Amino acid sequence: MAVEAIIDKIMADAKAEAEEIKQKAEKEIEKIKEEQRANIERIRVSAEEEGKIQAEEEKRRLISAAELDQRQRLLREKQDLIEETFKRAMKRVIEMGRDDYCRLIEALLIKAVDDGDEEVIISPKDEDRITQELLERVNLKLSEDGRKGQLKLSDKTREMAGGFVLTKGRKEVNCSLESIFSLAREELEGEVAGILFEDKGP
């Protein structure tokens with residue numbers, strides 16, 4: 001899969017978005033921890049006031065439940081923040097200027113094309129950016145590279161955020177932004193999480 005064509009762009013944007021929402025992440029995580037610390041302290045005080053064996057057992061049970069709830073809430077919060085980071089990074093790519101976006105698509109096509117006579121399915125939103133003129137520039141480079149250089153736009157379009165799908169016969173190569181970001185996320189999620197939650201363990 002031709003993720004390499006935009007992996008650096010995705011990485012840069014994801015890191016930039018992670019830095020932007022890092023402060024939000026820190027505040028949300030600290031808020032959850034503070035709420036749970038207060039909850040656990042209330043449980044301890046209540047048990048000590050009752051001073052009974054049953055109360056001690058109940059205290060341990062409630063504290064354990066509170067700690068589990070905190071871990072689950074922290075996990076959900078972290079997952080939500082990572083999701084937000086990648087959504088905002090993809091939005092950056094979608095909203096790139098026309099020239100930058102076209103260069104990105106050209107590079108991706110050159111890496112993704114196999115034979116060079118595939119049809120290119122695009123999003124209706126990209127009809128004014130991914131044109132046959134763009135494909136002709138790519139075709140020239142494909143010909144120089146020993147491939148057929150006969151790419152053409154498909155009569156069909158497909159709903160996607162951006163990018164394209166290559167098709168030839170029954171074979172498809174999905175280079176939509178959704179597909180590329182999904183694959184890139186597998187590689188980058190740990191690094192982005194490190195930026196968001198550095199030294200912010202449960």
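See the values below:
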quantity	calculated
R0 of 22 Å, Cβ-Cβ distance residue 189-residue 31: FRET efficiency to nearest 0.05	0.40
Order of 140, 109 under a 10 Å beta carbon neighbour criterion, fewest first	140, 109
Unsatisfied cross-links (Cα-Cα over 26 Å) in the set 15/111; 87/148; 15/156; 87/141; 31/87	87/148; 15/156; 87/141
Using a Förster distance of 45 Å, the FRET efficiency for residue 129-residue 76 (Cβ separation, nearest 0.05)	0.75
Cα-based equivalent ellipsoid, the range 98-180: semi-axes from gyration tensor eigenvalues, Å	18, 15, 11
Length gained when the stretch residue 84-residue 111 is fully extended (0.36 nm per residue, less Cα-Cα span)	6.9 nm
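Every read-out reported here was derived from the displayed coordinates using simple, explicitly stated rules and does not represent laboratory data. If you're wondering where the values come from, they're calculated on a predicted model, not measured in any experiment. A quick note on method: Cβ atoms are made from the backbone with ideal geometry, for glycine too, and the neighbour counts reach across all protein chains shown.
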